[in-house]
Number of protein chains: 2
Amino acid sequence: MGCGSLPAETLDRKKVEEIVREVVLKRLGVNGQALQSKLVVQASSRHMHVSRADMDVLFGPGTELTFDRALYQEGNYAAKELVTIVGPRGRVISNLRILGPMRKQSQVELAFTDAIMLGFSNIPVRLSGDLKGTAGCIIVGPKGVVELKEGLIRAAIHVHMSPAEAASFGVAQGDRMKLKIGGASGLTFNNVHVRIDPTSRLNVHMDTDEANACGLHLTKDIEIFK
Amino acid sequence: MGCGSLPAETLDRKKVEEIVREVVLKRLGVNGQALQSKLVVQASSRHMHVSRADMDVLFGPGTELTFDRALYQEGNYAAKELVTIVGPRGRVISNLRILGPMRKQSQVELAFTDAIMLGFSNIPVRLSGDLKGTAGCIIVGPKGVVELKEGLIRAAIHVHMSPAEAASFGVAQGDRMKLKIGGASGLTFNNVHVRIDPTSRLNVHMDTDEANACGLHLTKDIEIFK
């Protein structure tokens, strides 16, 4: 607050309305529905998303992914299918799990620890699907081998939310939020990308490096804010 | 600044002296020596510190550590000696490097990623040497095997500094500082332990999980503050 000539207690009607709207939105959501979203923060282990064409090569023509367990975001699931990734110096990681459903383009998401272990000196930090100019790798499946020309990323930490949740936080698609994690290894992620979709549930995805850095498994003291 | 009755420009002599002292201390250090410390931030890979008694068992009675390369803190070095650590479910990590000089008590420092890989569900976050009540493990050397009853920790992120550097930051032994890392994976470590010693150089030690979470190798945009 500045030091104006009016006393700080003087609030005009417009300001009062703004404050009331903000508080009501936070409590009720934009459509008057109760919005008491629970923030779920999860660590994503390294994994792959596969295209129809690459699935054909890796597991055989026309094969489908086998549902193993549902993920928190509706429609997403861990498949039973596993592949092996081969890095630039011949080092491998086996049992890389595929997440369904299939995508337009294959994509591998690694933590930096995984990437370094495989011999990649640097992989870009990207949002899912933003693959232009990224590195490639070799993927080995039970029926064949695919050379991905691009698709290897470290997924940028992000928060999924519904439009109502976005309104209650006052954020828009592509904004960044902060995620503060308490505890002995407490830290604040300063660049959490906001991804809004009507089907989404309030949910932060970070990778295993980020989860292990902050000791995510050791604390419930978690806060997200603009 | 509050909205007092005096204009903000009015500063008394005491306040001016305080500000001058603060600025001078930041520039000159407490003894009038030039203090232009460069902040060096480093990732410590998993490693072991070994006691005389455990060295005798692992490498043979009376053996000494072999200097390989100097570390940034004076007197510390990476030794050529390597051991293997065996976790609770028989999983192993080979080529665990020993850092010298020898210590009063053996100690193993792992990132959470390492600990999880070895099958430890939880290791405490501690400062070096604070080992009471920590987990143990099996260490295998070329000449023998040691069962550590305790000594397995995740090292808490910390900053080494000289008393002059501490004075310039206005911090005391055991205080916590914040370390802000910029870039695409930018984050702020909120609990950086201050460790002051006359022989120390300004230097943050974090582990590989923390370094990989923030992409330490990708940015020079680093700031430490109270």
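The values are calculated or read from the model by the stated rules, or taken from the named source; none is laboratory data. Fair warning: this is a prediction, and the values are worked out from it, not measured in the lab. Ideal geometry is used to build each Cβ from the backbone, glycine not excepted, and the neighbour counts take in all protein chains shown. The protein model used for the area step is the full one, side chains on, heavy atoms only, and it has no ligands, DNA or RNA in it. Shrake-Rupley method; radii C 1.70, N 1.55, O 1.52, S 1.80 Å.
Is it fair to say B:Asn190 is within 14 Å of chain A (Cβ to nearest Cβ) and part of a helix (DSSP H, G or I)? Against the criterion (within 14 Å of chain A (Cβ to nearest Cβ) and part of a helix (DSSP H, G or I)), B:Asn190 does not qualify. When the test is whether a residue is within 14 Å of chain A (Cβ to nearest Cβ) and either touching a His at 6+ places or on another chain (Cβ under 7 Å) or without any contact (Cβ under 8 Å) to a residue 40 or more places away in the chain (or both), B:Ile123 passes it. Any residue that is touching a strand residue (DSSP E or B) at 6+ places or on another chain (Cβ under 6 Å) and hydroxyl-bearing (Ser, Thr, Tyr) - is there at least one of those in region B:97-111? Yes: one or more hits.
Scanning region A:171-199 for residues that are touching a residue at least 60 places away in the same chain (Cβ under 8 Å) and open to solvent by 40 Å² or more (accessible area, probe 1.4 Å) yields A:Arg195, A:Thr199. Evaluate the following for A:Lys104: is it within 23 Å of the chain's Cα centre (by Cα) and open to solvent by 40 Å² or more (accessible area, probe 1.4 Å)? Yes; evaluated as a whole, the condition is true for this residue. Against the numbered list (1) part of a helix (DSSP H, G or I); (2) more than 9 Å from every other protein chain (Cβ to nearest Cβ), A:Gly174 comes up short only at (1). Condition test on B:Ser45, is it crowded, with 17+ Cβ neighbours inside 10 Å and either out of contact with any Leu (no Cβ under 6 Å at 6 or more places or on another chain) or not hydrophobic (A, V, I, L, M, F, W, C) (or both)? So B:Ser45 does not fit the description; no. Kindly evaluate A:Ala166 against the criterion of being within 14 Å of another protein chain (Cβ to nearest Cβ), assigned to a helix (DSSP H, G or I) and either small (Gly, Ala, Ser) or farther than 21 Å from A:Leu110 by Cβ (or both). So A:Ala166 does not fit the description; no. If you go through region B:66-99 and keep only what is open to solvent by less than 60 Å² (accessible area, probe 1.4 Å) and over 27 Å from B:Ile123 (Cα atoms), you end up with B:Thr66, B:Gly75.
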